[in-house]
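Derivation of every value follows stated rules applied to the coordinates shown; laboratory data play no part. Please read all numbers here as calculations on a predicted model, not as lab measurements. Methodologically, a virtual Cβ is constructed for each residue, glycine included, from the backbone with ideal geometry; neighbour enumeration extends over all protein chains shown.
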C-alpha cells in the first residue's frame with residue numbers, strides 16, 4: 001500500500017517487452033505503476049551489462065529475442081544486432097556455403113523468441129564458439145510459460161537449450177531465480193535483505209528466488225500453484241507463509 | 001572369448017606382448033612422453049588389427065569422404081577389405097537422409113555400397129522403434145527433422161506427422177490462442193532440422209509433457225557438424241537442446257556414441273564385439289563409441305582430429321591405434 005509507504009517492484013521473467021512496454025500493460029489494467037518499478041528480464045539483461053561495464057569493451061551484442069531486449073539495450077546505448085530483423089533469414093548451406101558472422105560481438109543475449117530459427121542458432125553458435133571471450137547471457141530458463149490462457153507454451157528454456165546444445169556453454173542467467181535482480185535492488189536501495197518480501201505464485205522461480213537470497217517469501221494461491229501442491233510431500237520449497245492472494249495482506 | 005574392455009583402458013601404459021610396442025611419434029612441441037596420451041601408430045596393420053577383425057564400422061565424414069569429395073585411395077581400400085572377406089558398415093550421425101538417400105551419395109562418389117550397409121541415425125531411430133515394438137502401441141510419431149527420418153519410418157510402416165510439412169507454420173498466440181496437438185503421438189523423434197521453428201518446438205513440448213508415456217528420442221547430440229566445408233554448423237545438439245529446455249526430459253539417443261547401433265549389429269550378425277573394429281575421425285563420438293562397447297578402435301587423421309590433439313595431455317580418449325587414413329590398413 002502506498003499510504004503505508006512500502007516500496008514495491010514488479011518482476012517478470014518475460015523478456016519480450018521492455019519496462020516501458022510493460023508499463024503500457026499495467027496502464028491498460030488500471031494500475032498506475034512507474035516504469036522504474038518494473039523489472040522485466042529484458043531490463044535485467046541491460047542492468048547486467050551495466051554492472052559489468054560492457055560498453056567499455058566497445059563490442060556489440062547479438063540478440064536472440066524480441067523487441068523488449070532491443071529497447072532496453074538502446075536505453076543504455078549498447079550497440080546490438082539481430083533481434084526481430086533475423087526473423088525470416090536462412091543461411092547459405094549449399095556447397096562451400098557459410099554464414100558470415102560479426103567478429104565484434106562480445107555477448108549473445110538469449111530471450112524468449114517465437115521466431116527462433118536456424119539462422120539465429122547458427123549465428124549465436126559462431127559468436128560464442130569463435131569470438132574470444134564472447135559471453136552467453138540468458139534472460140531466464142523457464143521451461144513453459146502462460147503466453148495465452150489456453151495453453152502452456154514452450155518458454156525461453158527452449159531457446160537457451162538450443163544455444164547450449166551447440167556450444168556446450170552454460171549461460172549467465174539474469175532473471176529469476178538468479179540473485180542478480182535482488183543484488184541490484186539491495187545495492188540501489190541500501191536496504192537489508194530481510195526487510196524485502198518476495199511474493200509469487202511459483203515455488204521454483206519465485207519462492208526459491210526469495211529463500212535463496214535471504215528474503216522473506218510468501219506464496220499466493222491466485223496463480224499456478226495449488227494449496228495441495230504446496231503442502232504435498234514431494235514439495236521441498238517452503239515459503240514463510242502462503243495466502244489466497246495479496247488482498248490477504250490486510251485483515252478484513 | 002570376449003575380450004575384457006578394461007585391458008584397453010586409457011590409464012594403462014603397458015600393452016599385451018602380442019602387440020608390437022607402439023611407437024610414439026615425437027611432436028614439434030615439447031612434451032614429456034609420460035604426459036602424452038598413449039596411442040600407437042598403425043605400423044603393422046595385419047598383425048595389429050586386420051587379422052583379428054571380421055567387421056569394420058566406418059564413420060563417413062572424415063574417413064570415407066570430406067564434404068562432397070571421396071578421400072584419396074578409399075575405393076581401392078574398401079575393395080581390398082571386401083576381397084579379404086571383411087564385412088563393413090558405414091555409420092553417420094546425420095539423420096537428414098535415409099539409408100537409400102545416403103546410397104545415392106555413395107554412388108555419386110563411385111563407391112558401390114548396398115543400402116543395408118549404411119547406418120544413418122535416421123535408420124537407427126527406426127531400428128529402435130522396431131526393437132521396442134512401437135507399432136504395437138498403435139500410436140504415431142511426431143518428427144522434428146528432415147526427410148531421412150520420414151522415409152525410414154515409412155519403410156517400417158510406422159505412422160508419423162510433422163517433418164518438413166511443419167516448416168512454415170506458426171501457432172496462434174493471440175488471446176485465448178492454443179496449438180492443437182495430436183493426443184495419439186506416442187513418440188517424438190528429433191533429428192537435425194534446418195527448419196526448426198517455434199511451432200515444432202511447441203508441438204513437441206505438448207506431446208512430451210501431455211501425452212502419457214510419450215517418448216523423447218534423439219538421433220544424435222552432435223553440437224556442431226560439417227554440413228559444408230566452409231564452416232562448423234550448429235548440429236542436432238541444438239534441436240534436442242530446445243526440446244530438453246522446455247520439457248526437462250533427457251532423450252533416448254540412438255546414434256553414436258549410444259550402444260544401440262552396435263547392439264543391433266552384434267545381435268544381427270552374431271559376432272564377437274572384439275572382432276569388430278570402429279574406425280572414425282572424432283574421439284568423443286567415434287572412438288568412445290568403440291571403446292565403450294568392447295570394440296577395437298582406430299582413429300584416422302583424415303578428418304577433424306589432428307595428431308597433436310590426439311596425443312595431447314588433455315585428451316583422455318585413446319583408440320587402439322591411429323593412422324593417416326584407412327589406406328594405411330594395407331602396407332605399401
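Couple of notes before you dig in:
- Taking A:48, A:184, A:241 as the candidate residues, the one with maximal mean-square fluctuation in a Gaussian network model of chain A, Cα springs under 10 Å, is A:241.
- For a modelled paramagnetic label at residue B:72, 7 Å from Cα along Cα-to-Cβ, the residues of the stretch B:282-311 in reach, with backbone nitrogen under 13 Å, are B:302.
- Only helices enter this figure: runs of n ≥ 4 DSSP H residues, each worth -39500 (n - 2.57), summed and divided by the residues of the protein assembly as shown, yield -8000 deg cm²/dmol at 222 nm to the nearest 500.
- Two-decimal Rg/Rh across the stretch A:23-173, once Rg and the Kirkwood Rh are taken from alpha-carbon atoms: 0.99
- For the stretch B:201-262, a Kirkwood radius taken over Cα pairs fed into Stokes-Einstein (4 °C, viscosity 1.567 mPa s) yields D = 102 µm²/s.
- Zone of residue B:168's modelled label, taken as backbone nitrogen in the stretch A:88-123 under 18 Å from a point 7 Å along Cα→Cβ: A:88-91, A:115-119
- Reported to the nearest whole Å, the Cα centre-to-centre distance from the stretch B:177-220 to the stretch A:19-42 is 34.
- The label point for residue A:188 and the one for residue B:154, both projected 7 Å from the Cα toward the Cβ, are 5.7 nm apart.
- Estimated FRET transfer efficiency when R0 is 56 angstrom, pair residue B:112-residue A:28 (beta carbons, to 0.05): 0.25
- Inter-probe distance in nm under a simple model that places probes 7 Å from Cα toward Cβ, at residue B:195 and residue A:243: 5.3
- Over the stretch B:41-117: Rg over Rh, Cα atoms, Kirkwood Rh: 0.97
- Largest first and in whole Å, the equivalent-ellipsoid semi-axes of the stretch B:178-332 read 35, 19, 12, each the square root of five times a Cα gyration tensor eigenvalue.
- Relative packing of peptides B:319-325, A:136-142 - highest average C-beta neighbours within 10 Å first: A:136-142, B:319-325
- Kirkwood Rh, angstrom, the stretch B:95-180 [1 / mean 1/r, Cα pairs]: 14.5
- Along its three principal directions, the equivalent ellipsoid of the stretch A:135-248 from the Cα gyration tensor extends over semi-axes of 25, 21, 12 Å, largest first.
- Projected label distance in nm at residue B:133 and residue A:88, using a 7 Å step from Cα toward the beta-carbon: 5.0
- Chain B shape via C-alpha gyration tensor axes, a/c threshold 1.5: prolate
- Our Cα-only numbers for the protein assembly as shown put the radius of gyration and Dmax at 27.3, 94 Å.
- Cα gyration tensor shape for chain A, rounded if a/c is under 1.5, else prolate or oblate: prolate
- Taking only the C-alpha atoms of the stretch A:1-73, the Rg (one decimal) and the largest Cα-Cα distance, Dmax (whole number), read 14.1, 45 Å.
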